[in-house]
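The values are calculated or read from the model by the stated rules, or taken from the named source; none is laboratory data. Only a predicted model underlies this, so the values are computations on that prediction, with no experimental measurement involved. A quick note on method: Cβ atoms are made from the backbone with ideal geometry, for glycine too, and the neighbour counts reach across all protein chains shown.
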Amino acid sequence: MNIHEFQAKDILRRYGVPIPPGEVARTADEAHAIATKIGKAVMVKAQVHAGGRGKAGGVKFCPTPDVAKEKATAILGMDIKGLTVEQVLVTEAADIGTEAYVGIIVDRATKKAVFMVSAAGGIDIEEVAATTPEKIKYHPVDARYGLRPYEAMQLGFFLYKDVKQAKAAANIMRQLYQAFVDAGCSLAEINPLVVTPTGEVIAVDAKMVIDDNELDRKPAIAALRDESSEAPSEVEARKANLTFIKLDGNVGCVVNGAGLAMATMDLVKYYGGEPANFLDIGGSSNPEKVVNALRIITADPNVKAILFNIFGGITRTDDVANGIVTATKANPLKVPIVIRLTGTNEEIAVKILQENGFSASSDMDEAVQRAVELAKGGK
Amino acid sequence: MAVFIDKNTKLIVQGITGRDGSFHAKQMMEYGTQVVGGVTPGKGGMKFEDKVPVFDTVEQAVQATGANASVIYVPPMGAADAIMEAAAAGVQLIVCITEGVPVLDMTVVRPFVIEKGARLLGPNCPGLITPGESKVGIIPGRICTPGPVGIVSRSGTLTYEIVYQLTRAGIGQTTCVGIGGDPINGTSFIDALEAFEKDPKTKAVCMMGEIGGTDEQEAAEFIKREMKKPVVGFIAGQTAPPGRRMGHAGAIISGSSGTAAEKIEAFKAAGMGVAARPKDFVDLIKARLA
């Protein structure tokens with residue numbers, strides 16, 4: 001789960017990370033009021049779950065409250081990578097001397113949380129990583145001990161020669177690590193970590209991504225979710241316990257298991273079709289999940305044929321069959337459907353489907369080819 | 001012979017009285033797995049299905065039964081502790097089926113399990129099966145048949161699909177191993193491939209990967225360097241949209257790696273057969289067994 005910059009900053013402040021003051025505004029007048037309260041030049045920053053906000057024109061320097069109001073008017077409602085800006089962060093504009101990068105991420109390769117730090121921070125950090133990897137220091141953390149003070153100091157001295165600045169950075173990294181663990185993050189980063197002309201080390205931008213598996217035991221973090229910043233179909237799918245990603249094709253896919261779902265999409269493409277979505281109904285099934293899945297898929301006007309591919313293990317294929325029957329009785333389908341199912345309770349499922357006028361295949365390739373033909377208008 | 005489990009494996013089930021645990025304990029017993037005990041705190045002294053003793057702790061279960069393997073069906077927030085409890089009790093093979101385990105829990109669990117000298121499979125995996133001998137986990141027994149092919153996979157139902165197609169074509173399996181798809185897991189592709197290379201009954205291996213990460217590329221390096229047995233690979237997600245960006249850190253640590261094209265290239269460079277679709281495994285494996 002993504003959270004906004006202002007939410008990440010609120011969390012980090014609680015751990016002592018020095019961050020310039022700021023508040024979030026939903027209207028231009030609110031932005032004006034916050035800028036007046038801060039009493040100095042401010043930055044107005046779009047709060048959306050997308051990178052490259054600055055390059056898209058969603059981050060502006062405002063010397064006065066009137067300019068803050070004007071820029072907020074322009075940014076609010078702006079579209080950044082398909083997301084509408086609903087709120088802006090109005091925050092004191094820092095005096096920037098140098099910009100460093102500090103990030104921590106769960107890494108598949110080392111199977112640990114890994115710190116990455118670089119003195120060459122800022123918006124081009126990915127370019128730095130690609131062209132001058134020696135400018136980035138990687139440090140895997142043993143979760144049993146956390147980030148020890150000496151490790152934090154090593155990283156601090158990698159960033160700054162000045163002892164005071166190295167120590168300040170080391171403190172910030174230990175605070176960041178603790179926040180990363182306590183909030184259940186899969187990623188947390190400060191970019192840039194700034195040294196001001198007077199020598200203070202402060203965090204000017206922050207990002208956190210929360211591991212979805214943590215949300216059940218961290219209600220305060222779960223409450224930070226901003227549904228207005230997600231696609232409505234994906235919000236609906238999550239509430240129905242389905243994993244759904246909308247794509248641009250016309251074959252609507254309902255599959256159990258992520259690997260099989262991806263392989264099904266690949267096969268649709270292999271036979272000359274285009275998948276309309278990724279949809280995983282998950283391991284354990286009940287008819288209601290199938291009803292929800294069909295509702296979400298048929299809401300997409302691009303879908304010209306629906307393909308079910310179910311390999312029953314934990315998932316009972318009769319549950320899926322009952323779901324299809326229930327859903328289509330309530331809302332008759334306007335597009336053709338191809339059903340492939342095999343595995344647990346297959347005989348019962350096939351009988352249920354046949355009694356209700358559906359046919360079922362047990363062969364994946366056959367079903368996919370048929371769905372692709374039908375989506376192209378074939379008979 | 002087979003890898004990781006065989007007819008002598010003595011298994012306990014953690015969470016045996018739960019909904020999933022009890023259902024799959026029965027299935028495993030019907031398949032012929034030696035289920036020697038179960039663990040549910042507070043239900044010690046009970047008998048599951050009138051014959052399998054239930055204990056309060058893994059330690060008690062291991063002492064009383066001599067179990068050397070455990071399978072875990074406990075809710076996600078308790079899974080990390082269940083794995084550590086099994087490792088601390090001296091269980092050698094721990095299979096965690098539970099889906100949704102917080103990844104930061106695994107950063108603590110993994111070094112603990114390694115220190116105890118145990119092997120962990122999963123979490124979020126379908127387990128493993130040595131056809132005709134033993135099954136630990138949730139892979140449907142009837143789609144498998146004994147034979148010379150080792151299977152290792154990151155996904156669940158996709159594995160079933162491919163095993164089913166092999167079985168229908170008359171190609172049997174030594175052991176099918178589902179390593180799970182979580183970012184931090186116990187057993188890697190390389191661990192399983194190493195075991196198959198050493199197993200005299202395994203003549204060829206099928207490996208099913210997915211987009212994301214570099215596990216498959218590392219496995220391909222290992223195959224090129226260390227394996228004499230033929231391996232056929234498949235990558236799911238060739239048409240999946242690029243994953244959502246995870247800040248700069250995701251891009252910095254993985255660079256451009258993780259695409260299906262890159263993984264398939266690595267497979268080819270390692271001299272592996274590459275299945276374009278699941279059904280292609282059948283012919284590719286037949287050719288390598290001939």
| Regarding A:K9, is this residue under 30 Å from A:E127 (Cα atoms), in contact (Cβ under 8 Å) with a residue 24 or more places away in the chain, not β-branched (V, I, T) and not in a loop (DSSP other than H, G, I, E, B)? | yes
| Residues in region A:86-100: is at least one surrounded by 16 or more Cβ atoms within 10 Å (Cβ to Cβ) and within 14 Å of another protein chain (Cβ to nearest Cβ)? | yes
| query | Is there a residue being hydrophobic (A, V, I, L, M, F, W, C), at pLDDT 95 or above and more than 23 Å from A:R14 (Cβ to Cβ) anywhere in region A:197-206? | reply | no
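In the set B:L128, B:L120, which member is in a strand (DSSP E or B), within 25 Å of A:V106 (Cβ to Cβ) and either touching a Leu at 6+ places or on another chain (Cβ under 9 Å) or more than 9 Å from chain A (Cβ to nearest Cβ) (or both)? If you could, list the steps in order and put the result at the bottom.
Numbers: B:L128 fails: within 25 Å of A:V106 (Cβ to Cβ).
One residue alone meets the criteria, B:L120.
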| task | Name every residue in region B:134-165 that is within 14 Å of chain A (Cβ to nearest Cβ), over 14 Å from the mean Cα position of the chain (by Cα), touching a residue at least 24 places away in the same chain (Cβ under 8 Å) and farther than 20 Å from B:E216 by Cβ, in order of residue number. | result | B:G141, B:I143, B:C144, B:Q165
| said: Tell me whether region A:323-339 contains one or more residues that are in contact with a strand residue (DSSP E or B) (Cβ under 7 Å, 6 or more places away or on another chain), within 14 Å of chain B (Cβ to nearest Cβ), under 14 Å from A:I281 (Cβ atoms) and of a type outside the set (D, E). | reply: no
| request: Output yes when any residue across region A:219-232 is of a type in the set (G, A, S), part of a loop (DSSP other than H, G, I, E, B) and under 25 Å from A:G54 (Cβ atoms), and no when none is. | output: yes
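Does A:A33 satisfy being surrounded by fewer than 22 Cβ atoms within 10 Å (Cβ to Cβ) and in a helix (DSSP H, G or I)? Give the derivation first.
Numbers: surrounded by fewer than 22 Cβ atoms within 10 Å (Cβ to Cβ): yes; in a helix (DSSP H, G or I): yes.
Yes; evaluated as a whole, the condition is true for this residue.
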| query | If the Cβ limit is 6 Å and pairs must be 6+ apart or interchain, which residue in region B:100-113 that is farther than 16 Å from B:A88 by Cβ pairs with which residue that is part of a helix (DSSP H, G or I)? | reply | B:G100/A:N213; B:G100/B:P76; B:V101/B:P76; B:V101/B:A79; B:P102/A:N213; B:P102/A:E214
| Taking region B:71-117, which residues are touching a Cys at 6+ places or on another chain (Cβ under 7 Å) and within 11 Å of chain A (Cβ to nearest Cβ)? | B:A79, B:I97
| Taking only pairs six or more apart or across chains, which ones have beta-carbon atoms under 6 Å, a first residue in region A:359-377 that is without any contact (Cβ under 8 Å) to a residue 40 or more places away in the chain, and a second residue that is buried (at least 18 other Cβ atoms within 10 Å of the Cβ) and hydroxyl-bearing (S, T, Y)? | A:S362/A:T342
| Does B:G45 satisfy the condition of being free of Cβ contacts under 8 Å to residues at least 12 places away in the same chain and either over 20 Å from B:C125 (Cα atoms) or in a helix (DSSP H, G or I) (or both)? | yes
| query | Name the residues in region A:245-264 that are more than 8 Å from chain B (Cβ to nearest Cβ) and assigned to a helix (DSSP H, G or I), would you? | reply | A:A261, A:T264
| Selection count, region B:166-225, where residues are crowded, with 24+ Cβ neighbours inside 10 Å, within 14 Å of chain A (Cβ to nearest Cβ) and among the hydroxyl-bearing types (S, T, Y) | 0
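Which count do you get for residues in region A:308-337 that are in a loop (DSSP other than H, G, I, E, B), among the charged types (D, E, K, R) and closer than 28 Å to B:I139 by Cα?
First pass over region A:308-337, keeping only residues in a loop (DSSP other than H, G, I, E, B): A:313-316, A:331-336.
Still in the list and also among the charged types (D, E, K, R): A:316, A:334.
Then drop every residue that is not closer than 28 Å to B:I139 by Cα, which leaves A:316.
The qualifying residues number 1.
Does A:A143 satisfy the condition of being of a type outside the set (F, W, Y), free of Cβ contacts under 8 Å to residues at least 60 places away in the same chain and either closer than 20 Å to B:L104 by Cα or facing chain B (nearest Cβ under 9 Å) (or both)? Give the steps one after another, and end with the answer.
Details: of a type outside the set (F, W, Y): yes; free of Cβ contacts under 8 Å to residues at least 60 places away in the same chain: yes; either closer than 20 Å to B:L104 by Cα or facing chain B (nearest Cβ under 9 Å) (or both): yes.
In short, yes.
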| task | Output the residue which, of all residues in region A:265-284 that are surrounded by fewer than 24 Cβ atoms within 10 Å (Cβ to Cβ) and assigned to a loop (DSSP other than H, G, I, E, B), is nearest to the chain's Cα centre (by Cα). | result | A:G282
| query | Which pairs do you get when a residue that is among the small types (G, A, S), found in region B:220-232, comes within reach of a residue that is in a loop (DSSP other than H, G, I, E, B), reach meaning Cβ atoms under 6 angstrom, with the pair 6+ apart or on two chains? | reply | B:A220/B:A270
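I'd like to check something: does region A:122-133 contain any residue that is over 20 Å from A:K55 (Cβ atoms) and within 13 Å of another protein chain (Cβ to nearest Cβ)?
Here is the first cut: in region A:122-133, the residues over 20 Å from A:K55 (Cβ atoms) are A:132-133.
Filter once more, so that each one left must be within 13 Å of another protein chain (Cβ to nearest Cβ): A:132-133.
The answer is yes; a qualifying residue exists.
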| task | Provide a single number: the residues in region A:166-213 that are under 22 Å from A:E151 (Cβ atoms), outside any strand (DSSP E or B) and among the hydrophobic types (A, V, I, L, M, F, W, C). | result | 11
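In the list A:K164, A:K218, which residue meets the criterion of being of a type in the set (K, R), out of contact with any helix residue (DSSP H, G or I) (no Cβ under 6 Å at 6 or more places or on another chain) and surrounded by fewer than 16 Cβ atoms within 10 Å (Cβ to Cβ)?
Details: A:K218 fails: surrounded by fewer than 16 Cβ atoms within 10 Å (Cβ to Cβ).
None of the other options fit; the residue is A:K164.
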| field | Top-ranked residue of region A:112-123 - restricted to ones that are free of Cβ contacts under 8 Å to residues at least 60 places away in the same chain and within 21 Å of the chain's Cα centre (by Cα), ranked as farthest from A:D205 (Cα to Cα) | value | A:K112
